[in-house]
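Nothing in this text is a laboratory measurement; each read-out follows from the coordinates by a stated rule. Everything quoted here is computed from the prediction, not taken from an experiment. Cβ coordinates were reconstructed from backbone atoms using ideal geometry, including for glycine residues, and neighbour counts include every protein chain displayed.
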Amino acid sequence: MRFFRKKNSDGLKSSTPLPSQKQNPDQKNALKTDLQANIKILKDSLGESSDIIFREIRIGKEGTIKAGIIFTDGLTDTPSLQNFILETLMIDNKGNELQKKMSAGKDLINVLKDYAMTVGEIEDLTSFDVLYTGLLSGDTIILIDGYAQGLIISNKQWAERGVTEPSAQTVVRGPREGFSENIRINTALVRRRLKDPNLWTESKVIGRKTKTSIAMMYLNGVANDKVVEEVRLRLDQIDIDGILESGYIEELIEDSPYSPFPTIYNTERPDIVAAALLEGRVAILVDGTPFVLIVPALFVQFFQASEDYYQRADIASFIRLLRFFALSIALFAPSLFIAITTFHQAMLPPALLMSLTAQREGVPFPAFVEAMLMELTFELLREAGVRMPRSIGSAMSIVGAFVVGTAAVEAGIISAAMVIVVSLTAIASFVSPTYDIAIAVRLLRFAFMIAAASFGLFGITVGFIALILHLCSLRSFGVPYMSPLAPFNMSNQKDTLIRLPRWKMFTRPRLINQKDVVRQQSPADAKPDPTNRNELEGD
Amino acid sequence: MKRYVFVLLIFSLFLTGCWDRRELNELAITLALGIDKIEGEYEVSAQVVVPSEVSPKSSTGSSPVTLFRAKGETVYEALRKMTNESPRKIYPGHLRMLVLGEELAKEGISESLDLLARDWELRSDFYVVIAKDKTATEILNVSTTIENIPANKMFNTLKTSESSLASTKGITLDELIADLTSEGKNAVLTGIEVKGDQEVGPSKQNVETITPSATITYDYLAVFKGNKLIGWLTERESRGYNDITNSVKSTVMPISCPGEGEASIEVIDFNTDMKGKFKNGSPEVDLTIEAEGNVGAVECKIDLKETETIDTLEKIYEKELKGIINETIDTLQNKYESDIFGFGKAIHRSNPKEWKKIKEQWNEEFSELTVNIEVNMKLHNTGTLSNSFLKRVKE
């Protein structure tokens, strides 16, 4: 383990900061004055890619000036290119103010920029690096013969998925909006929920080849500065060729890469991100994925669904307790079954013992092998269900239910009780509101089954103690993972295992946020007072 | 690399952890054990469940239990010898009944109980009973109905009769050993017997008729002196024993009406307070009984609307209960000379110094002991009727 970790940290340290685009272009990088030379360099380096369109035009009075327009087909908004760039430049309006200015032999680039381009976002261009980044992210480039300078006109537009309902975290009550693949839409979705000037967005570009936009969002003054600084530092240390999903970032910046437990939360719901920002957490948005990362993430956070906060506190608390119960079933049910039936038969009530024994008559495998077979079959079914084309899904569920449920028992290969245990485990593992924590439980379940098969309850107990120790040793961006349970914090219990009514939760979580802790007015005023209302009605 | 190999080797030490691992279908689940002594040797019989016959799905209709028998110098040896006959090792973790043969009980039971108290697989919450006039094997060899596992039938019958009639007493191994070892109290055990045709008992035919040819029923209490069985109590005396030792949960007691006929009192709460003391240097025991009950059935012509009638019934109950208790104490003091009530214990608790003086000759002292009895009965309800319809029945 140490060997790997060392190598990893060395790798991070040796990484150099990204070459800034503001650097003075060296000789090779600088644009040439000759338009034809520039176009040749571009064509050579882009390898004659068919989606890059070069259009040479003549502008100015009597078309004396040669210009080149370069854009990426499919990433650029062609109507706006037509209407606002080509038309203004090429249509020869006699007596037009612009034509006069063009021919006056002034700095043509600035004239175009200031008078001609009826587009919102426009930038100067002197180096090939900037040109490539702009061109390949959908901007239109204008080069003019005789100038070692150009213009980047931002008219990106490409086909993309709109804001749809999130599929991984569904709610009965709550907003139906989910993040999409476009980082701008995503920041907008968060901004719409938090119209606070202190909501700060820091942008970064990570990935030498992919040049993926990353945005860090936090509430300045609410988020812990040290955490913000730490996130910034870890993001800056990333040196990788490509970022295709926020999972890349997650793995590169998480605290304990070898732990099965996630120390970074991810969500596709803007309301969860907004709530996390209000608690003083930091959100990391990555272009190209609807999954937004939230740090620091605590163990209990993975058992809190957004809906907990939208429905009544009593049912929310009940469901939250139910989730922890489901966690223990998903983690321990098969191992406890193995341990009790093979080591501690005395723990079973006599009637149950006899019923289980009767079922096991003729079953050829030991309970452990039986459980392993069933669990693996279930994992197979589950994986097949995720990867398979939707249209043949029903076929697989029929086969699955038939093989696992009925045939195995009737053939006497698996006892019926084991099918019940495995199904119960499966149901319980689907209860957790986040997929990530369910993965940890899924993996650890097998470890516990092995411990139970070799040492019985003793093995489970030792494994459980080891698990608790491991969980308590984890940290997420400096915050103990098991807090507020360990270290115990009384005031944070209001939103841990249960959720108190909103008017009881008047401070932000303690360890995540250290300043500006008060969410609402003082607790005494917070509770709705029915007597006031009665007086009003009496008037 | 060497280090990892070393760590792996250390872990492999733990792989030997499965020494007591047994699959469910490697167990011979034993629900009842019988111990007899025949010609100086122990004969142990184990009533083992046949799992496939218990499940309604795979049952073929043959007996749900089977009986293994083996003889040996000691109980343990006999149990192990059973593997000659049984395909699976006897698993006594769920033992519900231990039946001791009457012959064995007359010779002394302590020696045979040691294994059962010592073995870690056994829980000590099973009932111990004595096979009256029979061997334990004969008791375990009768098929039963409703509860088709005879051990369960014995267990549940004892539990029910103990709590709703109180003429038997379910005594677990723990309690028995406590009685056998403590000063100033002798043990009792409930007797069990087979009524009817012993020949048909073991077969399935036994339970195919409405009235089984042979049935297992409980008798009354067996009196021990030391670890030897010395005699049996009658039903009245068994009830008296439970009254004295505060073991009544609920019972029904018939009393005679003021005029003629009978009435039944349903006792719903019964509390006996036993206090020992020394009066003028000689030990005495005070029994204070607080009972509450309902008028359960009236088979005579009395007016229950009158509170005096209720008072009278209470008085009669108190008097008759005193009678039963006196009779019981009398039998034990004079016939068996065995303190099964724990009077000695009560005296010991109240005055340990004086107790030491009389401890040695307690059996004689017990026969001379004065017991003061006070009974308070409170009747609450008369059920859904006030006066019995008997009064209105046409002549």
task: Evaluate the distance, in nm, between pseudo-label points positioned 7 Å from the Cα of A:Ile315 and of A:Arg475 along their respective Cα→Cβ axes.
output: 4.1 nm
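Out of region B:279-342, which trypsin sites (Lys or Arg not before Pro) are coil in DSSP terms and have no more than 14 other C-beta atoms within 10 Å?
B:Lys305
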message: Can you tell me the orientation of helix A:2-14 relative to chain A, as the angle in degrees between its alpha-carbon axis and the longest Cα principal axis, to the nearest 10?
response: 20 degrees
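Count, for each residue of B:41-51, the Cβ atoms from other chains sitting within 10 Å of its Cβ, then give me the mean as a whole number. Please list the in-between numbers first.
On the way: counts 0, 0, 0, 0, 0, 0, 0, 0, 5, 4, 9.
The shielding value for this peptide is 2.
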- request: List the relative contact order of chain B as a percent without decimals, with contacts defined as Cα pairs under 8 Å and 6+ residues apart.
  value: 12 percent
field: Surface/4 of the Cα convex hull for region A:313-473, nm²
entry: 11.6 nm²
- request: Quick one: among B:Pro92, B:Pro258, B:Pro283, which has the greatest mean-square fluctuation in a GNM of chain B with alpha-carbon springs under 10 angstrom?
  value: B:Pro258
Fully extended contour minus Cα-Cα distance, from B:Ile38 to B:Leu9, at 0.36 nm per residue: 5.0 nm
task: Excluding residues on the same chain fewer than 8 positions from B:Lys359, give the aspartates and glutamates whose Cα lies under 12 Å from its Cα.
output: B:Glu183
query: Can you give the Kirkwood hydrodynamic radius of the protein assembly as shown from its Cα pairs, in Å with one decimal?
result: 37.0 Å
- prompt: Once you sort the root eigenvalues of the Cα gyration tensor of region A:158-313 as a ≥ b ≥ c, which label holds: rounded (a/c under 1.5), prolate (a/b larger than b/c) or oblate (the other case)?
  reply: rounded
- line: Everything considered on the Cα gyration tensor (a ≥ b ≥ c; rounded for a/c under 1.5, else prolate if a/b is larger than b/c, else oblate), region B:47-174 must be described as oblate
Full-stretch length increase - B:Arg349, B:Thr83 - with 0.36 nm per residue and alpha-carbon distance subtracted: 91.0 nm
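Just to confirm the filter: which chymotrypsin sites (Phe, Trp or Tyr not before Pro) across region B:116-206 are DSSP coil and have at most 14 other Cβ within 10 angstrom of their Cβ?
Values: sites: B:Trp120, B:Phe126, B:Tyr127, B:Phe155; in loops: B:Trp120, B:Phe126.
The qualifying sites are B:Trp120.
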- prompt: Mind checking which of B:Lys106, B:Lys37, B:Lys132 has the largest fluctuation in a GNM of chain B, springs on alpha carbons under 10 Å?
  reply: B:Lys106
- line: Once the mean of 1/r over all distinct C-alpha pairs in chain B is inverted, the Kirkwood radius in Å reads 24.0 Å
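Could you size up the charge dipole of the protein assembly as shown around its Cα centre, putting +1 on the beta carbon of Lys and Arg and -1 on that of Asp and Glu, and report it in debye to the nearest 20? Let's see the in-between values first.
Values: 105 positive and 122 negative charges, 768 e Å.
That gives the protein assembly as shown a dipole magnitude of about 3680 debye.
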query: log₁₀ I(q)/I(0) of chain A at q = 0.05, 0.09 Å⁻¹, via Debye over equal Cα point scatterers, no solvent, to two decimals?
result: -0.33, -0.86
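Suppose every K and R has +1 on its Cβ and every D and E has -1 on its Cβ; what is the size of the dipole of region B:47-108 about the Cα centre, in Debye to the nearest 20?
300 debye
Given that compact globular proteins tend to follow 2.2 N^0.38 Å, what is the ratio of the alpha-carbon Rg of region A:249-320 to that value?
Compared with the compact-globule rule of thumb, region A:249-320 sits at 1.18.
If I take R0 = 22 Å and measure r between the Cβ atoms of B:Lys319 and B:Asn387 in this structure, what FRET efficiency does the formula 1/(1 + (r/R0)^6) give, to the nearest 0.05?
Numbers: r = 24 Å, r/R0 = 1.07.
That pair, B:Lys319 with B:Asn387, gives E of 0.40.
Regarding region B:231-324, what's the average projected area of the Cα-atom convex hull, expressed in nm²? It would help to have the intermediate numbers written out before the result.
Values: hull surface 31.2 nm².
Orientation-averaged projected area of the Cα hull: 7.8 nm².
Relative to the present Cα-Cα distance, how much length would full extension add between B:Ser58 and B:Glu360 at 0.36 nm per residue of separation?
On the way: separation 302, 0.36 × 302 = 108.72 nm, distance 6.09 nm.
Value of the extension gain: 102.6 nm.
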- prompt: Under a no-solvent Debye model with one identical scatterer per Cα of region B:76-151, what's log10 I(q)/I(0) at q = 0.13, 0.16, 0.28 Å⁻¹?
  reply: -0.45, -0.70, -1.42
message: Give me the dipole magnitude in Debye, nearest 20, for chain A about the Cα centre, with unit charges on the beta carbon: positive for Lys and Arg, negative for Asp and Glu.
response: 780 debye
task: Among B:Val267, B:Val99, A:Ile185, flag the residue with its Cα farthest along the positive direction of the charge dipole of the protein assembly as shown, charges on Cβ as +1 for Lys/Arg and -1 for Asp/Glu.
output: A:Ile185
task: In nm, give the distance between the simple-model label positions of B:His380 and A:Leu322, each being 7 Å from the Cα along the Cα-to-Cβ direction.
output: 3.9 nm
- prompt: Over all residues in A:479-489, what is the mean tally of Cβ atoms on other chains that come within 10 Å of each residue's Cβ?
  reply: 0
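If each DSSP helix of 4+ residues adds -39,500 (n - 2.57) and the sum is divided by the residues in the protein assembly as shown, what number results at 222 nm, nearest 500 deg cm²/dmol?
Values: 32 runs with 347 residues, N = 934.
Calculated from helices alone, the mean residue ellipticity at 222 nm is -11000 deg cm²/dmol.
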task: For B:Ser163 paired with A:Glu383, estimate the spin-label separation in nm (one decimal), with each label point 7 Å from Cα along the Cα-to-Cβ line.
output: 5.2 nm
- prompt: Which of the GluC sites (Glu not before Pro) found in region B:23-95 are loop residues per DSSP with 11 or fewer other Cβ atoms within 10 Å of their Cβ?
  reply: B:Glu39, B:Glu73
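Given R₀ = 51 Å, what would the calculated FRET efficiency be for A:Asp225 paired with B:Ser124, taking r from the Cβ atoms and rounding to 0.05? Show your work: numbers first, answer last.
Working: r = 65 Å, r/R0 = 1.27.
Rounded to the nearest 0.05, the efficiency is 0.20.
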